[in-house]
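Take a look at the structure below.
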Amino acid sequence: MNKTKLYFTLAISLLLSFIAKAQETASYTKKIDSIITASVPIQFNGVVLISRHGKIQYLKSNGYKDFEKKIPLKTDDQFEIMSNSKQVTAVLILQAAERGLLDLQTPIKKYLPSLTMPWADSVTIHHLLNHTHGIVDTHKPSAFKAGSQFKYGNLSYILLGQILKNTTGKSFTELANALFKKINMEKTFVFNSSDNQSLVPGFMNNQNQFTKVEETFLSEDIAPAAGIISTVQDLSKWNQALFKGKLLSPRFQKQMLTASTTSQHNVFGKESMGFGYNVRIIRESGLDYYGVTGLGDGFTCLNVYFPSTDTSLIILENQMPESREYWSFKEAAIKNVVLKSIVSK
C-alpha cells in the first residue's frame, strides 16, 4: 500500500470513528434529556455529566439551586455527595496502609484503644471498610460476628476517620483536602459549618413539592462517612485518578476494587452483587462496572464508572424523595440509558 492510500485509509477510519462516537452520544442525549425534563413520576433536580477518557460528552443541569428563590442550578454547583464520601476515606486508609502506618487485618483495638467492647479485639479495618463489622453502637455488643454479614452504615467510616487521625496525626479534613488539591479537584472540600463555600441547599421532595432541609446532620465527626462537597466535574477527575491507578499502588487498588462481600442495591438490580471498599462491583447486561451511591440530607448522588470504555456517569441532585419508592429513581433510569448505549455497540 502506497503512502497516499495509507493516509486515505487512516483518514476514513478516523472519520468513521468520529461518526460512530457522535451517533452514540446523540443516541443517549435525547433519552437523558427526556428523563431529566420529565416531571412524572418524579421531578429531576440536579446535574448530569458523562465523560469518556476524562473528556465531557454530556453535561446538563435541570431545576433549581433554590426553589424558594427560583435560582437555576449551574453545572458547576457544589453538592453534598453523601456516601460517595466513603470512597475518599477508603483511599486515605489504603494510602496510610501503603506507608506502613496501619494494617488492614489488625483488630481495631490497636488503633482505637478507648474502645471497651469485646468485638474491638476481632473487628479489623478490613471489616470496617466493607461494612461487615457488625457494630451497631460503640458501647453495645455487635449484631453479628465480624465478616459474616454485610450491613451498610455510617458508623464504620466514622471510626475509620478516627483511625486516620490516630495513625497519621492529621484530621480527616486535612488529609482529604490535601488529596483533592493534589488531583486538582478545585471545588471539592470537606464540610465545614462555618464556611459552606456556596454549597447548594438540599430539599425533600413530597410529590414534587419541595421543602428545604434547614438543619444538616453533617458534622466533623460524620465527615468521613458523608461530609464531602463536590461537583460533577471534580468527581470525573476523581474517577480518572482512582481507576487509572494514580491514587493507590496496584496491590491496594486491586484490594479496594475486589469484591470481599456482596450487597444488593435497586439502582443496579434485584440481585446481590460484589462489594469492595465502598465500591460496588457490578455485572449487568454482560458488562462489568463500578458504582457508588449516596442519599440523605436532601441530596441524591450516583457515580458510575465503566472501565471497558473509560466512561464516567455522575449525577448529583439537591433533592431527595420522601417516598422510598422513588429513591434514586431518575439516577437508575439514566444509568440504564448509558449502560444500554455501551453494550449495544
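Table for the structure above
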| quantity | calculated |
| --- | --- |
| Test set (1) assigned to a helix (DSSP H, G or I); (2) in contact with a helix residue (DSSP H, G or I) (Cβ under 7 Å, 6 or more places away or on another chain) - LEU218 fails condition number | (1) |
| Residues of the stretch 110-137 that turn out to be part of a helix (DSSP H, G or I) and crowded, with 18+ Cβ neighbours inside 10 Å, as a count | 7 |
| Among the candidates ASN184, ASN177, residue that is farther than 19 Å from GLY294 by Cα and assigned to a loop (DSSP other than H, G, I, E, B) | ASN184 |
| Residue among SER61, SER39, SER83 that is touching a residue at least 24 places away in the same chain (Cβ under 8 Å) and buried (at least 20 other Cβ atoms within 10 Å of the Cβ) | SER83 |
| Residue in the stretch 280-288 that is surrounded by fewer than 22 Cβ atoms within 10 Å (Cβ to Cβ) and closer than 20 Å to LYS151 by Cβ present | yes |
| ALA146 surrounded by 13 or more Cβ atoms within 10 Å (Cβ to Cβ), in contact with a helix residue (DSSP H, G or I) (Cβ under 6 Å, 6 or more places away or on another chain) and assigned to a loop (DSSP other than H, G, I, E, B) | yes |
| The stretch 162-183 residues that are under 17 Å from GLU98 (Cβ atoms), paired with ones that are assigned to a helix (DSSP H, G or I) and hydroxyl-bearing (Ser, Thr, Tyr) (beta carbon under 8 Å, 6 or more apart) | LEU164/THR89; LEU175/THR168; ALA176/THR89 |
| Every residue from the stretch 98-109 that is surrounded by fewer than 20 Cβ atoms within 10 Å (Cβ to Cβ) and outside any loop (DSSP other than H, G, I, E, B) | GLU98, PRO107, LYS109 |
| Top-ranked residue in the stretch 301-327 [being touching a Ser or Thr at 6+ places or on another chain (Cβ under 6 Å) and hydroxyl-bearing (Ser, Thr, Tyr); ranked as surrounded by the most Cβ atoms within 10 Å (Cβ to Cβ)] | SER312 |
| Checking VAL190 against (1) of a type in the set (A, V, I, L, M); (2) closer than 27 Å to SER328 by Cα; (3) touching a residue at least 40 places away in the same chain (Cβ under 8 Å), the condition it does not meet | (3) |
| Strands (runs of 3 or more DSSP E) enclosed by the stretch 251-345 - at least 1 residues per element that are of a type in the set (Lys, Arg) and at pLDDT 95 or above | 280-284 |
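The values are calculated or read from the model by the stated rules, or taken from the named source; none is laboratory data. This one's a predicted model, so the numbers in the text were calculated from it and none came from an experiment. Heads up, the Cβs are rebuilt from the backbone with ideal geometry, glycines too, and the neighbour counts pull from every protein chain shown.
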